[in-house]
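The values are calculated or read from the model by the stated rules, or taken from the named source; none is laboratory data. Values in this document were obtained by computation on a predicted structure and should not be read as measured data. Here the Cβ is made from the backbone with ideal geometry for all residues, glycine too, and neighbour counts use every protein chain on show. Note: accessible area is taken over every heavy atom of the protein model, side chains too, but ligands, DNA and RNA are not part of it. Shrake-Rupley method; radii C 1.70, N 1.55, O 1.52, S 1.80 Å.
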Amino acid sequence: MASKKDMRRPDLVVPYQEPAPKGDSAELSSTLSSTLPMAAIFTRNRYVGWASVVLSIQSWLGESEDASKSSSGTPGYFTIGMSLMALAVTYLPMFLPQPPNQRGATGTEAPAPVAA
């Protein structure tokens, strides 16, 4: 039968030391999750809008406790809201189409002739 004696050696125990915290480094995922919604709004590209939603959710789920406690960054739920708003803007012309006479007007065409 096995003996009930503790066979560990106390002189070999190494105490746990918490690693030094990393410095403030801007992460690429948080940068992308902040800029992709703006790109989706400006270009009205639906694929960029969906990519911004996915990256903002991924960035929010992957942020550390230190990043969420620091006041320097944008909170994760705010970037998700921004990306959902950008996605809604890209689908807006489908639900609210422009009037036919306004379609394609850029403001750079020749002025309309004046009736005399």
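Ordering Ile80, Ile57 from largest to smallest accessible area (1.4 angstrom probe), what's the sequence? Present the calculation step by step, with values, prior to reporting the outcome.
Values: Ile80 30, Ile57 70 Å².
So the residues, ranked largest to smallest area, are Ile57, Ile80.
When Phe42, Phe78 are compared by accessible area of protein heavy atoms, the largest-first order is Phe42, Phe78, using a 1.4 Å probe. Annotation for Val13 and Phe42: the two label points, set 7 Å from Cα along the Cα-Cβ direction, are 6.0 nm apart.
Sorted by accessible area with a 1.4 angstrom probe, largest first, how do Met82, Met7, Met38, Met94 fall?
Details: Met82 60, Met7 150, Met38 80, Met94 110 Å².
Result, largest first: Met7, Met94, Met38, Met82.
With the whole protein complex present, Leu36 retains an accessible surface near 40 Å², based on a 1.4 Å probe.
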